[in-house]
């Protein structure tokens, strides 16, 4: 269950990171609310997962998932350019996350 919560929390990290950018310095209400709720839920899930998982592993997986999904979303919406090197580096992050999960099993 901790791994499922951790993965969901990583997804929520991408949500709040994207909402933070769209809030324009907390001047737009809707993205600011999404940011706050996403941040709260993401941190709560990370804290829950850390009860069973090592801190370093949990944090690295959480950040890896959040960072990767944030960049993928930005590329998919045209907010960030796509390049083969970016894709390769994102795959390296995903590989690291999978590796940490497989070592913990």
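The values are calculated or read from the model by the stated rules, or taken from the named source; none is laboratory data. This structure is a prediction, so every number in the text was calculated from the model and none was measured. Every residue, glycine among them, receives a Cβ derived from its backbone with ideal geometry; neighbour counts consider all protein chains shown.
Here are 63, 37, 71, 15: which of them is under 28 Å from residue 103 (Cβ atoms) and surrounded by fewer than 19 Cβ atoms within 10 Å (Cβ to Cβ)?
63
Go over the candidates 56, 36 one by one and state the one that is out of contact with any helix residue (DSSP H, G or I) (no Cβ under 6 Å at 6 or more places or on another chain) and modelled with pLDDT under 95.
Just a single option satisfies the conditions, and that option is 56.
Considering only region 84-97, I want to know if a residue exists there that is in a loop (DSSP other than H, G, I, E, B), touching a helix residue (DSSP H, G or I) at 6+ places or on another chain (Cβ under 7 Å) and surrounded by fewer than 15 Cβ atoms within 10 Å (Cβ to Cβ).
No, region 84-97 contains no residue that is in a loop (DSSP other than H, G, I, E, B), touching a helix residue (DSSP H, G or I) at 6+ places or on another chain (Cβ under 7 Å) and surrounded by fewer than 15 Cβ atoms within 10 Å (Cβ to Cβ).
Is there a residue in region 72-82 that is part of a helix (DSSP H, G or I) and within 18 Å of residue 4 (Cα to Cα)?
Scanning region 72-82 turns up no residue that is part of a helix (DSSP H, G or I) and within 18 Å of residue 4 (Cα to Cα).
Return the residues of region 24-55 that are under 25 Å from residue 92 (Cα atoms) and under 15 Å from the mean Cα position of the chain (by Cα); say none if nothing qualifies.
42, 43, 45, 46, 49 - these are the residues of region 24-55 that are under 25 Å from residue 92 (Cα atoms) and under 15 Å from the mean Cα position of the chain (by Cα).
Please list, ordered by first then second residue, the pairs with beta carbon atoms under 6 Å, 6 or more apart or interchain, first in region 24-51 and on the phi > 0 side of the Ramachandran plot, second at pLDDT 95 or above and in a helix (DSSP H, G or I).
26/32
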